[in-house]
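See structure below.
The values are calculated or read from the model by the stated rules, or taken from the named source; none is laboratory data. Keep in mind it's a predicted model, so treat the numbers as computed, not measured. Positions of Cβ are backbone-derived with ideal geometry, glycine not excepted, and every protein chain shown enters the neighbour counts. Surface areas here come from the heavy atoms of the whole protein model, side chains and all, with no ligands, DNA or RNA. Shrake-Rupley method; radii C 1.70, N 1.55, O 1.52, S 1.80 Å.
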Amino acid sequence: MAKWFSTMRQRVSAITVIQLGFFASALIAWPIMAEMELFERFYEFSRDHEDWDVDEFSLLIVNLTIALVFSTIFQSSRLKKLVRQRDFQRQRAEQNARHDPLTGLMNRRAFAARLDETAQDVAAHPPRFIAMLDLDRFKPVNDLHGHAAGDATIRKVAQRLEAEVGEIAEIGRLGGDEFAFIFAPEIDVAQVERSARRLINAIEQPFQYKKTAIHISCSIGLMKWGESLSGTEAMRRADKSLYAAKDSGRARFAWYDAELDQQSQERAELEADLKRAIACDEIEAWFQPIINIETEALIGFEVLARWTHRNRGVVAPSAFIEIAEDSGQIGNLGLSILRQACGSAAGWDPKLTISFNVSPLQFHDPNLVQQIKEILDDCNFDARRLTIEVTESSIIRDFSVARTKLEALKALGVAVALDDFGTGYSSLASLRQLPFDRIKIDRSFVTNIAAEPQNQKIVAGIMALANGLELDVTAEGIETNEDLGYLQELSCSLGQGFLFERAVPEKHVPWLIESKWSDWQLSAEDADRLLSLPDIKAVS
Ligand code: C2E
Ligand code: CA
Ligand code: CA
């Protein structure tokens with residue numbers, strides 16, 4: 001196409017040159033011919049040689065020349081018109097490639113190119129400021145009023161943006177309801193903030209579409225570009241601050257925060273690492289002994305997840321359980337831990353129990369009961385040896401849903417325990433409604449209990465409540481002999497804590513039993529209590 005175009009151009013120029021040449025030579029030739037009396041001579045020559053038909057012949061040449069002149073003029077104007085059309089089309093194509101057709105603002109590509117140019121300016125004259133703006137509640141505009149209303153609103157938004165900051169910033173539409181700004185070199189922090197406030201205010205004014213007033217707002221991320229950064233990195237940072245603005249409650253602006261960004265990048269790395277670790281079973285089930293407080297006999301283990309990271313070493317669950325929950329990986333993680341634990345415990349004394357933590361999200365997974373059943377079947381593990389620990393946040397949302405789920409779990413033959421008791425809102429009423437077999441008193445009340453009268457009262461109260469409801473009680477976080485002695489006085493049945501042992505990997509369990517509980521024998525009473533089929537104790 002480009003080649004055709006340039007050939008056309010050349011042809012038009014050639015014809016124009018020929019035309020000019022023709023007229024110029026005619027202009028020059030005419031007086032010379034007159035001077036040399038060529039016309040008179042020609043006339044005499046044609047009269048002397050009448051039989052040669054010179055006059056007819058020359059008439060023919062004159063006619064042909066005139067026809068040629070007209071045809072050349074016609075051709076040339078046709079070609080000129082064609083070239084003008086092509087010029088126009090090419091300009092429009094260039095315009096479309098750089099501009100957003102809806103708003104006429106720079107499109108994403110052109111804006112990115114401007115950012116790259118700005119990166120060079122910043123290197124020579126720092127700093128510069130850039131901003132990213134995203135409309136809040138824009139999706140419902142399309143959903144409720146249709147795409148025509150959405151388009152009309154975007155167009156008006158663009159007009160307001162231009163009216164507010166068009167003179168001090170270059171504006172681009174990055175797509176959808178996202179806009180970006182590069183402020184002019186002389187604009188300082190105060191002016192940028194003032195612009196952000198003005199933009200937020202402008203977008204908050206209702207947009208009229210036909211007879212409807214459309215209410216939206218916008219959030220803005222601001223970035224001071226003071227160091228050498230690529231355009232892409234500058235944009236990523238502005239985007240981060242935009243998300244911070246959105247998180248802080250919308251219709252606000254926020255500045256880029258390097259520390260926050262570093263944290264979120266680390267978190268993103270951890271999230272990616274975690275995904276791989278779960279897939280490769282890199283997260284292991286470790287085991288912390290649970291003992292009979294009265295006799296100090298071993299009755300089983302709480303299963304605790306441990307991640308041995310290749311660079312970070314052993315990572316505690318507090319650093320990854322939440323990430324696994326937020327990124328939707330907790331289901332796979334939990335199942336992997338449970339499978340490992342059941343697989344290991346299947347090889348131990350069949351009277352030893354294991355206690356497994358289920359996170360709130362996992363608890364509400366409709367497949368949970370079936371998945372646990374499959375693992376028990378696959379590992380040929382006696383369901384009565386398994387306790388499922390759930391936290392209050394799992395049950396608080398909807399008691400009847402929680403009750404159904406707990407009953408379904410109990411129907412498998414497993415026991416259920418309420419974990420971290422005392423830290424949340426669980427009341428007597430909630431405990432009465434739900435079929436728990438056991439409550440675990442949170443370690444914040446247990447550790448150092450012998451020296452803290454306040455905690456003594458709380459734990460004594462919990463014990464009285466549990467006795468009334470015939471619930472077993474496990475005290476977590478026993479660290480000293482004094483604490484153990486106090487809990488023995490309160491007749492607390494089970495306990496765990498650093499006093500006995502921290503969580504250990506599977507391979508240490510036989511050694512642990514051998515060295516600490518070699519003369520260990522599970523009493524008939526303990527065995528009866530822990531391994532009898534759990535009956536539903538709830539009173540509705
Ligand atoms: P949790 O269920 O309350 O687990 C008990 C925590 O207390 C464990 O921390 C344990 O190491 C710690 N602990 C035990 N005895 C003592 C003591 O005497 N003193 C002190 N200071 N701490 C003691 P860990 O292993 O860091 O686990 C933290 C939390 O992470 C657990 O709290 C549990 O909620 C969660 N978690 C651990 N493993 C899993 C898992 O496989 N799945 C799920 N969903 N959550 C898990
Ligand atoms: Ca627990
Ligand atoms: Ca706990």
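Using alpha carbons only, how many degrees (0 to 90, rounded to 10) separate the axis of helix 368-379 from the longest principal axis of the chain? Rounded to the nearest ten degrees, it is 70. Measuring between their Cα centroids, the stretch 278-355 and the stretch 34-69 lie 114 Å from each other. Sorting Glu476, Glu489 on solvent-accessible area from highest to lowest, probe radius 1.4 Å, gives Glu489, Glu476.
How much net charge surrounds Ile200 when only the other residues with a Cβ under 12 Å from the Cβ of Ile200 are counted, with Lys and Arg +1 and Asp and Glu -1? It would help to have the intermediate numbers written out before the result.
Numbers: positive: Arg160, Arg194, Arg197, Arg198, Arg250, Arg252; negative: Asp134, Asp136, Glu164, Glu193, Glu204.
Spelling it out: positives minus negatives among the neighbours equals +1.
For Phe253, the solvent-accessible surface with a 1.4 Å probe is about 50 Å², rounded to the nearest 10.
What dipole magnitude, in Debye to the nearest 20, does the chain give about its Cα centre under +1 on Lys/Arg Cβ and -1 on Asp/Glu Cβ? It would help to have the intermediate numbers written out before the result.
Values: 60 positive and 80 negative charges, 380 e Å.
Computed charge dipole of the chain: roughly 1820 debye.
Evaluated with a Cβ-only charge set (Lys, Arg +1; Asp, Glu -1), the stretch 249-303 carries a dipole of roughly 440 debye about its Cα centre, given to the nearest 20. Of the GluC sites (Glu not before Pro) found in the stretch 116-172, the ones in coil according to DSSP and having at most 12 other Cβ atoms within 10 Å of their Cβ are Glu167.
Using 0.36 nm per residue and subtracting the Cα-Cα separation, the extra length available between Arg47 and Ser400 on full extension is 114.5 nm. Heavy-atom accessible surface of Cys379, to the nearest 10 Å², is about 30 Å², with a 1.4 Å probe and all protein chains retained. Considering only Gly221, Leu274, Gly497, and ranking their Cα positions along the charge dipole of the chain that arises from unit charges at the beta-carbon of Lys, Arg, Asp and Glu, the one farthest toward the positive end is Gly221. The residues of the chain present an accessible area of 54 Å² per residue when probed at 1.4 Å with all protein chains retained.
Once R0 is set to 45 Å, what does the formula 1/(1 + (r/R0)^6) return for the Cβ-Cβ distance between Thr308 and Glu193, expressed as a FRET efficiency to the nearest 0.05? Don't skip to the answer; put the middle values down first.
Details: r = 47 Å, r/R0 = 1.05.
It comes to 0.45.
Cysteine residues of the chain whose Cβ has no partner cysteine Cβ closer than 4.7 Å: Cys218, Cys280, Cys492.
For Thr153, Thr480, what's the largest-to-smallest order of accessible area, 1.4 Å probe? Let's see the in-between values first.
Details: Thr153 5, Thr480 50 Å².
Heavy-atom accessible area, descending, gives Thr480, Thr153.
Computed with a 1.4 Å probe over protein heavy atoms only, the accessible area of Asp151 comes to about 70 Å². Between Lys457 and Ala124, the distance separating the two model label sites (each 7 Å from Cα on the Cα→Cβ line) works out to 7.4 nm.
Net charge in the neighbourhood of Glu322 (other residues with Cβ under 11 Å of its Cβ; Lys, Arg +1, Asp, Glu -1) is -2.
Counting only lysines at least 8 places from Lys246 when in the same chain, those with an alpha carbon closer than 16 Å to its own are Lys139.
As a quick test, which of the pairs Lys351/Lys440; Lys373/Lys410; Lys373/Lys405; Lys351/Lys373 have an alpha carbon distance above 18 angstrom in this structure? Could the numbers behind the result be given before it?
Numbers: Lys351/Lys440 21 Å; Lys373/Lys410 11 Å; Lys373/Lys405 14 Å; Lys351/Lys373 20 Å.
Long pairs (Cα-Cα over 18 Å): Lys351/Lys440; Lys351/Lys373.
Charge tally for Phe88 (other residues, Cβ to Cβ under 12 Å; Lys, Arg +1; Asp, Glu -1): +3.
In the chain, taking the dipole from charged Cβ atoms about the Cα centre, the farthest positive-side position among Thr387, Gly176, Cys342 is held by Gly176.
Between Glu233 and Ala113, the modelled labels are 2.4 nm apart [label points 7 Å from Cα along Cα→Cβ].
What part of the accessible area of the chain, given as a whole %, is carbon or sulfur when the probe is 1.4 angstrom?
Of the solvent-accessible surface of the chain, carbon and sulfur hold 54 percent.
Ordering Lys373, Lys211, Lys405 by how much accessible area each has at a 1.4 Å probe, largest first, what is the list?
On the way: Lys373 85, Lys211 195, Lys405 35 Å².
Result, largest first: Lys211, Lys373, Lys405.
Measuring r between the beta carbons of Gln263 and Phe88 and using R0 = 60 Å, the FRET efficiency lands at 0.65.
Could you calculate the FRET efficiency of Ile28 with Arg78 from 1/(1 + (r/R0)^6), where r is the beta carbon distance between them and R0 is 22 Å, rounded to 0.05? Walk me through the intermediate numbers first.
Details: r = 29 Å, r/R0 = 1.30.
My answer for the efficiency is 0.15.
Between Phe70 and Asn467, the contour length at 0.36 nm per residue exceeds the Cα-Cα span by 131.3 nm.
Using 0.36 nm times the number of residues separating Arg432 and Glu482, minus their current alpha carbon distance, what extension gain do you get?
Values: separation 50, 0.36 × 50 = 18.00 nm, distance 3.20 nm.
Extending this stretch completely gives an extra 14.8 nm.
Take every Cα pair under 8 Å in the chain that's 6+ residues apart, average their separations, divide by the length, and report that relative contact order as a whole percent. Intermediate values should be presented prior to the final figure.
Working: 758 pairs, mean separation 53.8, N = 540.
Normalised by residue count, the contact order of the chain is 10 percent.
When +1 charges are put on Lys and Arg Cβ atoms and -1 charges on Asp and Glu Cβ atoms, the dipole computed for the stretch 42-177 relative to its Cα centre reaches about 1120 debye.
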